[in-house]
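Data block below; observations after.
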Amino acid sequence: MPKIISFLLISIFMSTFSFAEEAPEQNYPSVVVLIEDYIDGAEQKRNLAEIILEKALRENGFSVISKTQNVDIGALMPTFTPPPAEIAKIGKKYKADVIIIGRATSNKVDVSTPYEPGVIVYKALIEARAVKVKNARVIAMEKTISDARGGGRELIADKAIVYAAESLATGLIQKISDNWARDIYVDVNVEIICRNAPPEKAELLTRALGQTKNVRIISKELLQDSTVQINVRFLGTTNELVWLLARLLEPIFDIENYTPNRIDLYFITPNKDFTR
């Protein structure tokens, strides 16, 4: 899964990744992005929203296809009404797995009381949706609004688009990633057996798991003195879950063994007080 713009996979409990310890390889889709920019109704050639989204996709592990031909998407507007099959046809031309199509508009806002001389306000609206090319199915839709204020018409209009595009990227990437993962993986039920686990350590591990992407805690039970079983459902493989567990900073434990449906771990040192 992507790290999403911030973030994405793991909570503050996770350690910094080492280049020598790469995550299990993921299968990310190839994406082509087509987003038009308009300022005060006039089409722009800079395509700022498109550039921001493409950068975020690359940073999150997606293959972004460079466009070698101009495509007129004006006939496909407004963004949320054209048949997905028409959008998918464009994606096929680029041999993309997913096509993102949208429109960004930035318009000057009339304010009855100016903030100060020379200060203007622009409000940007970006609407976009992602279509899976193979079956022409909409897998993500996003709409963001942002504003910017300051001096200089073009600068402030662009800033509003950039702010809205950054927000749009976060939402779209998360939705595309989740959808793609569901097509690749199936849920796996895993028993996490924790030995030498006093209540505060078991609770800390449970909280960390609860903030780990694609993990859903089903139940927790005490098997015997200082041995706790945490039952989880994970969208992925047990190998990937083990990799995520190994990144946890607290509580500290050793992973002793694991099978497709069970992970055995042993707490080895007192944890710091992250329980409050």
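Taking the criterion of being over 31 Å from the mean Cα position of the chain (by Cα) and part of a strand (DSSP E or B), the only residue of the stretch 110-165 that qualifies is Ile120. Selection of the stretch 168-205 for residues being buried (at least 17 other Cβ atoms within 10 Å of the Cβ) and of a type in the set (S, T, N, Q) yields Thr170, Gln174, Ser177, Asn179.
For beta carbons closer than 8 Å, sequence separation of 6+ or different chains, a first residue in the stretch 171-191 that is farther than 18 Å from Asn60 by Cα and a second that is hydroxyl-bearing (Ser, Thr, Tyr), the qualifying pairs are Tyr185/Thr237; Val188/Thr237; Val188/Thr238; Val190/Thr238.
If you go through the stretch 186-216 and keep only what is more than 21 Å from the chain's Cα centre (by Cα) and more than 19 Å from Asp254 (Cα to Cα), you end up with Val188, Asn189. Look through the stretch 217-238, keep the residues that are of a type outside the set (Val, Ile, Thr) and exposed (fewer than 15 other Cβ atoms within 10 Å of the Cβ), and return whichever of them is nearest to the chain's Cα centre (by Cα). Across the stretch 217-238, the extreme among qualifying residues is Arg233. Listed conditions (1) closer than 19 Å to Leu235 by Cβ; (2) assigned by TED's automatic domain parsing to the domain that holds Asp97; (3) surrounded by fewer than 18 Cβ atoms within 10 Å (Cβ to Cβ) are all met by Gly150, apart from (1).
Taking each residue of the stretch 210-234 that is free of Cβ contacts under 8 Å to residues at least 60 places away in the same chain and under 17 Å from Tyr258 (Cβ atoms) and looking for partners that are loosely packed, with under 14 Cβ neighbours inside 10 Å and among the small types (Gly, Ala, Ser) with beta-carbon atoms closer than 7 Å, six or more apart or interchain, yields Asn231/Ser219.
The values are calculated or read from the model by the stated rules, or taken from the named source; none is laboratory data. Note that the structure is a prediction, hence the values are computed from the model and not measured. Counting neighbours? That spans all protein chains shown, and the Cβs are built from the backbone with ideal geometry, glycine included.
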